[in-house]
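The values are calculated or read from the model by the stated rules, or taken from the named source; none is laboratory data. Remember, predicted model here, so these are calculated numbers, not experimental data. Every residue, glycine among them, receives a Cβ derived from its backbone with ideal geometry; neighbour counts consider all protein chains shown.
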Amino acid sequence: MKLYYSPGACSLSPHIVLLEAGLPYSLEKVDFTTKKTAAGADYLTINSKGAVPALQLDDGQVLTEGPAIVQYLADKKPDSGLAPRAGTVERYRLMEMLNYITSEVHKGFGPLFNKEASAEWKAAAKTALGKKFDWLSAFLQGKTYLIGNAFSVADAYLFTVLNWPAHVGLDMSKWPVLTGYHARIAQRPKVQQAMREEGLLK
Ligand SMILES: N[C@@H](CCC(=O)N[C@@H](CS)C(=O)NCC(=O)O)C(=O)O
């Protein structure tokens, strides 16, 4: 399998999952500006949506959308515990959380990364994200992980998006539960390996 990624983008989540699952993979970097891959291919011919992550399967198919990719990977290694078994209520709890992270948190950062967004729009985005962080903080209070008692693909995703406040001037001191959670997940050897492979850590 090959993961198309951009350093530190949401593609870090499936990258972490590949490592946590112990699956073999290769990486290819995508330049957002030129939409070219490191090998010089037109990325739009690989993923016509133009976004990362995209996962090229061994049969050549390309799977997109982070929440779908991480569940595909977890299901390749069911004993890894990275996702509850399909069909269980716990699995729907995982999907519920992945959907919240993708639609409410991940996409909430959009204006903060948008060079054309006005200061007012960015301020409103920070206020809206703060409400999501309030909810996540209350949810994670007294917990180590998002789902059950084990690291799951949802933790890989939330960790990835919680890397972003530092890049957009979003002060997280109001949410010590989230900063503590982020620091704990950052200690995981596979998380550190993924970050090293993306050039985010030495
Ligand atoms: N719905 C997609 C969104 C992916 C997404 O937002 N990717 C961003 C990086 S975090 C991206 O590729 N942005 C560059 C672009 O769209 O040109 C998913 O969940 O996988």
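Per-structure values
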{"read-out": "Single match in A138, A194, A156, A186 (criterion: hydrophobic (A, V, I, L, M, F, W, C) and exposed (fewer than 14 other Cβ atoms within 10 Å of the Cβ))", "value": "A138"}
{"read-out": "Inter-residue pairs, beta-carbon under 8 Å, first at negative phi and not assigned by TED's automatic domain parsing to the domain that holds N114 and in the stretch 32-52, second of a type in the set (S, T, N, Q) and near the ligand (Cβ under 10 Å from one of its atoms), 6+ apart", "value": "F32/S6; N47/T64; K49/T64; A51/T64; V52/S6; V52/S11"}
{"read-out": "Filter pass, K126 being free of Cβ contacts under 8 Å to residues at least 12 places away in the same chain, away from the ligand (no atom under 15 Å from the Cβ), farther than 27 Å from K36 by Cβ and not assigned by TED's automatic domain parsing to the domain that holds K36", "value": "no"}
{"read-out": "Test: residue in the stretch 140-157 that is in contact with a Gly (Cβ under 8 Å, 6 or more places away or on another chain), touching a residue at least 12 places away in the same chain (Cβ under 8 Å) and among the charged types (D, E, K, R)", "value": "no"}
{"read-out": "The stretch 80-125, residues that are polar (S, T, N, Q) and either in a loop (DSSP other than H, G, I, E, B) or in contact with a helix residue (DSSP H, G or I) (Cβ under 9 Å, 6 or more places away or on another chain) (or both)", "value": "S80, T88, N99, T102, N114, S118"}
{"read-out": "Of residues in the stretch 24-46 being loosely packed, with under 11 Cβ neighbours inside 10 Å and within 12 Å of the ligand (Cβ to nearest atom), the one modelled with the highest pLDDT", "value": "T34"}
{"read-out": "Residue ID - nearest to A154 (Cα to Cα), chosen from residues in the stretch 55-64 that are touching a residue at least 24 places away in the same chain (Cβ under 8 Å) and within 15 Å of the ligand (Cβ to nearest atom)", "value": "L55"}
{"read-out": "Single match in V52, V17, V105 (criterion: near the ligand (Cβ under 9 Å from one of its atoms), among the β-branched types (V, I, T), surrounded by 14 or more Cβ atoms within 10 Å (Cβ to Cβ) and at pLDDT 95 or above)", "value": "V52"}
